[in-house]
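Quick notes on the structure that follows.
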Amino acid sequence: MNRGLIGTSLAALLVAGCATTGGAPKDEGTRIRVAEDPFPSTYQRYPAAPVLLTNVTVLDGEGGRIDRGQVYLADGKIQAVGQSIAAPAGTTVIDGTGKYVTPGIIDVHSHLGDYPSPGVQAHDDGNEATGPSRPEVWAEHSVWPQDPGFSRALANGGVTALQILPGSANLFGGRSVTLKNVPARTVQGMKFPGAPYGLKMACGENPKRVYGDKGGPATRMGNIAVTRQTWIEAKAYKRKWDAYEAEGGDAPEQDLAMDTLKGVLDGKILVHNHCYRADEMAQMIDLSKEAGYRIGTFHHAVESYKIADLLRREGICSAMWADWYGFKMEAYDAIRENIPFVDRAGACAIVHSDDANGIQRLNQEAAKAMAAGRRAGIPISEEHAWTWLAMNPAKAIGIFDQTGSLKPGKNADVVLWNGNPFSTYTRPERVWIDGALMFDAANPRVRPVSDFELGQPGEGDVK
């Protein structure tokens, strides 16, 4: 199959020494290894001071709630959560009477940086729409760190971490990257240390629409056939490398596309599958079993409510909107109760944005889904609904060991809201990432403004 953009051949990197030109390696030190993370994170947390938030309503991100609670942040971590914390001398104490404290919101589906503002053709870098299978491209290589959308997501939305995905034009769209929502000169300065890569896949209308007049696939059956064939090639590639690792000899030729798919088959790269219809999600689950990989999350998933029991059994998350529907045929059968119905079935429910404006109001999206569930007779508490924005997305992108809840030892990614965050009138008052104050609504000097924005109309505007 012609994958186009980057065929086979980039030389594999050496762990040590020089590769032999043939035959068995002289020793383990000369064995060729493919670098799994050639563009590592260079993130360094910003300076932080100890802070005690007191007299607040705490939603801990895992379904817990503490009224008249306290949260103590120091050394970049959550140190304590409770009602009678004795903070050391020198700690900044913030009285949050009438206010809420939550973990920072995590968006598992964003295109910030890849489709940055201003939205001009020159910034159209999210889809490598030159062939239906492009697993060799990496979203991070399109991310523009100066996208003004990052600071708006922080200041207006309380978003502290986000996954940047390629678009959904392709069956295999490429690798995703998880970022900390901090100002940096390079994307590597934003990369979330230790976060696994993801693979963006897509099914349904988008790939067949994009490629129907470009050589195909032009149908849903064509989508499945191309996807299956690509995984057959990936498994053959993996067998070659596995044999080389075990037995030595001549190293296989490196292929960037196959490296990504091998990473999936090895369980190191998480699969994020754009899919709307219930029947197609079920087909992709069967396909994944045939190919030998696991789907982590279905994105958009407007018909997940129809197969919520299947998703629970398979341990697959659904990243969903509260009420988007009808903008294309495969979105027609969406319902407002999708998120609460999936949640009620015991499956993993997530509120996501897929939108540069929506990411600024994910708390309101969760509020709409909670209200829809309550109207349908499902008793959803505020503290439980916040799991859709914190614990569940953190699990879906493999960072729950570091963030996603207010538990001692986790990163101090925290939002102080000026009221109930499920109200349309509430906004972030302060936002901390790794314990560093990154936004303060009362202090214009603590509002990130990218270099690109300096001198521009609306510079730093957070309305």
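The values are calculated or read from the model by the stated rules, or taken from the named source; none is laboratory data. On a predicted model such as this, the values are computed, not experimentally measured, just so you know. Neighbour counts run over all protein chains shown; Cβ positions are idealised from the backbone, glycine included. Only protein heavy atoms, including side chains, enter the accessible area calculation; ligands, DNA and RNA are left aside. Shrake-Rupley method; radii C 1.70, N 1.55, O 1.52, S 1.80 Å.
General remarks:
- Meets criteria (surrounded by 23 or more Cβ atoms within 10 Å (Cβ to Cβ), in contact with a helix residue (DSSP H, G or I) (Cβ under 8 Å, 6 or more places away or on another chain) and within 30 Å of Lys200 (Cβ to Cβ)) for Gly104: no
- Comparison of Asp242, Asp279, Asp323 shows that the only residue that is in contact (Cβ under 8 Å) with a residue 40 or more places away in the chain and either touching a Lys or Arg at 6+ places or on another chain (Cβ under 6 Å) or not hydrophobic (A, V, I, L, M, F, W, C) (or both) is Asp323.
- Top-ranked residue in region 28-37 [being open to solvent by less than 60 Å² (accessible area, probe 1.4 Å) and part of a loop (DSSP other than H, G, I, E, B); ranked as nearest to Pro193 (Cα to Cα)]: Ala35
- Residue that is part of a loop (DSSP other than H, G, I, E, B), under 24 Å from the mean Cα position of the chain (by Cα) and surrounded by fewer than 14 Cβ atoms within 10 Å (Cβ to Cβ), where the choices are Pro47, Pro40: Pro40
- The one condition in (1) without any contact (Cβ under 8 Å) to a residue 60 or more places away in the chain; (2) within 21 Å of the chain's Cα centre (by Cα) that Met391 fails to fulfil: (1)
- Selected residue (only one of Pro193, Pro217, Pro207 is in contact (Cβ under 8 Å) with a residue 12 or more places away in the chain, within 21 Å of Leu287 (Cα to Cα), of a type outside the set (Val, Ile, Thr) and not in a helix (DSSP H, G or I)): Pro217
- Within region 151-177, the set of residues being open to solvent by 10 Å² or more (accessible area, probe 1.4 Å) and within 20 Å of Asn357 (Cα to Cα) comprises Ser151, Arg152, Asn156, Ser168.
- Restricting region 417-445 to residues that are open to solvent by 30 Å² or more (accessible area, probe 1.4 Å), of a type outside the set (Lys, Arg) and over 20 Å from Val351 (Cβ atoms) leaves a set whose member that is modelled with the lowest pLDDT is Pro444.
- Cβ pairs under 9 Å, 6+ apart, first in region 32-51 and in contact (Cβ under 8 Å) with a residue 24 or more places away in the chain, second assigned to a loop (DSSP other than H, G, I, E, B) and of a type in the set (Lys, Arg): Glu36/Lys268
- Test: Val187 is open to solvent by less than 30 Å² (accessible area, probe 1.4 Å) and touching a residue at least 12 places away in the same chain (Cβ under 8 Å): yes
Conditions tested, residue by residue: (1) under 29 Å from Pro393 (Cα atoms); (2) part of a helix (DSSP H, G or I); (3) in contact with a helix residue (DSSP H, G or I) (Cβ under 9 Å, 6 or more places away or on another chain).
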residue	(1), (2), (3)
Ile232	no, yes, yes
Tyr237	no, yes, yes
Ala246	no, yes, no
His274	yes, no, yes
Gln283	yes, yes, yes
Ile307	yes, yes, yes
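- Gly82 buried (at least 23 other Cβ atoms within 10 Å of the Cβ), small (Gly, Ala, Ser) and modelled with pLDDT of 95 or more: no
- Considering the conditions (1) part of a strand (DSSP E or B); (2) hydrophobic (A, V, I, L, M, F, W, C); (3) open to solvent by 40 Å² or more (accessible area, probe 1.4 Å), Ala319 is excluded by exactly one of them, (3).
- Count - residues of region 394-416 that are buried (at least 24 other Cβ atoms within 10 Å of the Cβ) and touching a helix residue (DSSP H, G or I) at 6+ places or on another chain (Cβ under 8 Å): 2
- Selection count where residues are small (Gly, Ala, Ser) and either in a strand (DSSP E or B) or under 23 Å from Ser318 (Cα atoms) (or both), scope region 381-436: 9
- From Asp125, Asp60, Asp114, Asp75, residue being within 24 Å of Asn411 (Cβ to Cβ), of a type in the set (D, E, K, R) and surrounded by 18 or more Cβ atoms within 10 Å (Cβ to Cβ): Asp60
- Candidates Ala195, Ala139, Ala155 - the one that is under 18 Å from Tyr115 (Cα atoms), out of contact with any His (no Cβ under 7 Å at 6 or more places or on another chain) and at pLDDT 95 or above: Ala139
- Under the condition of being within 11 Å of the chain's Cα centre (by Cα) and among the aromatic types (Phe, Trp, Tyr), the residues counted in region 161-200 number 2.
- Test for Asp266: is it out of contact with any strand residue (DSSP E or B) (no Cβ under 9 Å at 6 or more places or on another chain) and either farther than 26 Å from Trp138 by Cβ or among the hydroxyl-bearing types (Ser, Thr, Tyr) (or both): no
- Of the criteria (1) surrounded by fewer than 17 Cβ atoms within 10 Å (Cβ to Cβ); (2) more than 25 Å from Gln163 (Cβ to Cβ), which one Gly267 fails: (2)
- Put simply, of Glu314, Glu303, Glu330 the only residue that is touching a residue at least 24 places away in the same chain (Cβ under 8 Å) and open to solvent by 40 Å² or more (accessible area, probe 1.4 Å) is Glu314.
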